[in-house]
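Written below as structure tokens is the structure these notes are about.
Computed from the coordinates by the stated procedures, all read-outs in this text should not be read as laboratory data. All values reported here derive from a predicted model rather than from experimental measurement. Cβ atoms come from the backbone with ideal geometry, glycine included; neighbour counts cover every protein chain shown.
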Amino acid sequence: MPPGLDALKHIVVLMMENRSFDHMLGSVPGIGGIDDAEAYSNADTTGALVQPQALAEFQSQLQPDPDHHFPAVDLQIFGGDPNRRANMQGFVKSYYNQQQNVAHSHEILYYFKQSDLPVLTTLATEFAVFNRWFASIPGPTICNRAFAHYGTSFGRVDMNLLYINEPFKSIYDRLVGAPPHTSKLYYYDTASSTMEITNLLQHQPEVFGTFDQFQKDCETGNLPDYSFVEPNYSDHDSDTGEEVANDQHPDHNVQAGEAFIALVYNAIKGNAALWASTALLIVYDEHGGIFDHVIPPLCTPDQFTATANDTGTGQPFAFDRLGVRVPAILVSPWIPKGTIVSRVFDHASIPATVTKFFLGDYSPRSPRETSADVFIEPQGPAVDPARNLLSLDVMRTDCPDFE
Amino acid sequence: MGVIRVPKVPHDAYNPNRPVSALLKIQIEHMHEAEKRLPTRYRSEIYPNAIKTEGEAAEYIRLVTEGIHEAHADAAARRAKPAKKRKGVIEIAAVTDERAERQTGRKARKIKKGGKN
């Protein structure tokens, strides 16, 4: 087995909130971002063509929060085309619907300059950036996060996912049910808590920890096999002072999220043994209604169908198309600098990868999860070198430091 | 690769009075669903429909999250407590005999006192 895979003992996933690939990484040259702004123009409601521009601001620009519920995302992807050909032409129209302000509606196409986001763009250029990682559903947070935890949203395309249906177990259940494997879901603190659908929190609070605990576990080398890290979802007071939301959900400060990503990276890199044996995936749950130019591909249908009433578009949805493209970066000292991965992934790839790597064959899993690609090759002698991202023979010593 | 400076978060980024987003509203709803299943003593006594700001949302979410953890911790502590030692069968039979003797004696004394024969 390649030494990087041989050394790998821990997978950590940090899932941020509501930013598209082009919005965050579009300015990085040569990775599939905004290489041709003119080609990605959207018409506004006056018929004028508007181009994406590097004018995104850290806070106070995306007010109100861009609509990213199923009907709005449908408009963003299909642009209102009566023949329902996906064209990514409906972002400005969709944002206009919220305020009826033509000039303001253009801001949904704005993206950050590379120098604005030194943490995320450095990680994207230093390690492996996925330029075809899509949200699992063209819809909002909860159903998309459910794909990361369960490999399915149990037929929901909305935020009202309160209960799960057997037989599909969460990735945490699968691992803790197979000792000696271990797993933990780290929320920022109890005031931020979890965006998991409260199912696990109610029934298995022992799989949760705080971000303080995550940092201690990194320091002491007690990180579980699989960790899922949640950012802080709200501005609130704590015993240690003011906690600024760092999830990057509009209208939260994007720089606070940058600092949080660096904190997670530093916690792992600060322990040499852990750094050598951990892969960190940084990914966003969905695009948050913000522009991206890549048409989401079709995918294997899930075994559920959302009714026309549930979707709010007049059309049922068989979970056979992915959501809008989001930033995704895999970090490990065994990954060659500047790796660009153009295979298709979505959040079902997370439980698919973790399950295959730690548990091997496992069933039952949802049709979406079983057909999802994996970003770390399963353990075993027959590793396909073309697919293995942790491919270096010797661990890198030139990885960036953040301070 | 050199050292990358992490951007400083501006002080005015902090605003706990910011109105709750649609996402936080949903998180509050989910927490409320979970809270309904908690025994009363672990509940927050906050009316979730009256929550308007991020700071208020965070306080409610904190109380429910901690309530869930406490309820589970208490249940685990109860499970871990050693069970009361049960008396063996012979011991129980002996106790029953003693009680019967005592009752017989008491009856006899009552009869004596009442002068009945």
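So if each residue of separation counts as 0.36 nm, and I subtract the Cα-Cα distance between A:Glu166 and A:Ala103, what length gain in nm does that give?
17.9 nm
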Cα-centre dipole for chain A with unit charges at Cβ (Lys and Arg positive, Asp and Glu negative), debye to 20: 1220 debye
Restricting the count to DSSP beta bridges whose residues both fall in the protein assembly as shown, what percent are antiparallel, rounded to a multiple of 5? 40 percent
Looking at the stretch A:262-363, which trypsin sites (Lys or Arg not before Pro) are DSSP coil and have at most 16 other C-beta atoms within 10 Å of their C-beta? A:Lys337, A:Arg343
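Report the gain in length on full extension from B:Glu29 to B:Glu66: 0.36 nm times residue separation, minus Cα-Cα distance, nm rounded to one decimal. Before the final figure, lay out the partial values.
Details: separation 37, 0.36 × 37 = 13.32 nm, distance 1.64 nm.
Additional length available on full extension: 11.7 nm.
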What distance in nm lies between label points placed 7 Å from Cα along the C-beta direction at B:Lys81 and A:Glu219? 3.6 nm
Which whole-Hz couplings ³J(HN,Hα) result when phi for each residue of the stretch A:113-123 is put into the Karplus expression 6.51 cos²θ - 1.76 cosθ + 1.60, θ = phi - 60°, listed in order with x for Gly and Pro? 6, 4, 6, 5, 10, x, 6, 5, 6, 5, 4
Charged-residue dipole, Cβ positions (Lys, Arg, Asp, Glu), the stretch B:2-64 about Cα centre, Debye nearest 20: 160 debye
Once both labels are modelled 7 Å past Cα along the beta-carbon direction, what's the B:Glu45-A:Lys9 spacing in nm? 4.7 nm
For A:Asp36 and A:Ala54 in one chain, what is 0.36 nm times their gap in residues minus the Cα-Cα distance, to one decimal in nm? 5.2 nm
